[in-house]
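Asker: Once you've had a glance at the structure underneath, I'll fire off some questions.
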Amino acid sequence: QVQLVESGGGLVQPGGSLRLSCAASGSIFSINAMGWYRQAPGKQRELVAGITSGGSTNYADSVKGRFTISRDNAKNTAYLQMNSLKPEDTGVYYCNAATKAGWGNSFTGSWGQGTQVTVSS
């Protein structure tokens, strides 16, 4: 079993910043890719940013230049620094991680419970 716990969400004014954290724990031998997704009301969940175990990153066009994803492999934790926030960034942000429990196991994906981000004046 793998648990992903997100934190750092909240209410922020447009132009403000937030930093989300995602801590993975449980039966983890290694973590491959980690990512942040968001889901706005009435919309499908979408990828915001992803990072590989080697540190390669990718971003949704809507957040490029404003959001930065990073990870601390020693702590099994991923972060999402969000700057210049806009009302359209509002939604529930979910963490996803591909983990495996042992050398011979396959990677499987896990989701966190989500953290609410609201950008409003």
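The values are calculated or read from the model by the stated rules, or taken from the named source; none is laboratory data. Everything quoted here is computed from the prediction, not taken from an experiment. Every residue, glycine among them, receives a Cβ derived from its backbone with ideal geometry; neighbour counts consider all protein chains shown. Note: accessible area is taken over every heavy atom of the protein model, side chains too, but ligands, DNA and RNA are not part of it. Shrake-Rupley method; radii C 1.70, N 1.55, O 1.52, S 1.80 Å.
Asker: Restricting to the stretch 77-112, and then to whatever is in contact with a Cys (Cβ under 9 Å, 6 or more places away or on another chain) and more than 13 Å from VAL48 (Cβ to Cβ), can you tell me which residue is most open to solvent (accessible area, probe 1.4 Å)?
Answerer: Within the stretch 77-112, the match that is most open to solvent (accessible area, probe 1.4 Å) is TRP111.
Asker: Identify the single condition in (1) at negative phi; (2) open to solvent by 60 Å² or more (accessible area, probe 1.4 Å); (3) out of contact with any Leu (no Cβ under 7 Å at 6 or more places or on another chain) that ASP72 does not satisfy, given that it satisfies every other one.
Answerer: The failed condition is (2).
Asker: Do we find that VAL63 is open to solvent by 20 Å² or more (accessible area, probe 1.4 Å), at pLDDT 95 or above, under 17 Å from TYR94 (Cα atoms) and β-branched (Val, Ile, Thr) in this structure?
Answerer: No, not satisfied.
Asker: Looking only at the stretch 69-88, decide whether some residue is farther than 29 Å from GLN1 by Cβ and part of a helix (DSSP H, G or I).
Answerer: Yes: one or more hits.
Asker: Report whether or not LYS43 is free of Cβ contacts under 8 Å to residues at least 12 places away in the same chain, open to solvent by 70 Å² or more (accessible area, probe 1.4 Å), over 17 Å from GLY109 (Cα atoms) and among the basic types (Lys, Arg).
Answerer: Taking the combined requirement at face value, the residue does not satisfy it.
Asker: Being open to solvent by 50 Å² or more (accessible area, probe 1.4 Å) and closer than 30 Å to GLY104 by Cα is the filter here; which residues of the stretch 3-34 pass it?
Answerer: If the condition is that a residue be open to solvent by 50 Å² or more (accessible area, probe 1.4 Å) and closer than 30 Å to GLY104 by Cα, then GLN3, VAL5, SER25, GLY26, SER27, PHE29, ASN32 are the ones that fit.
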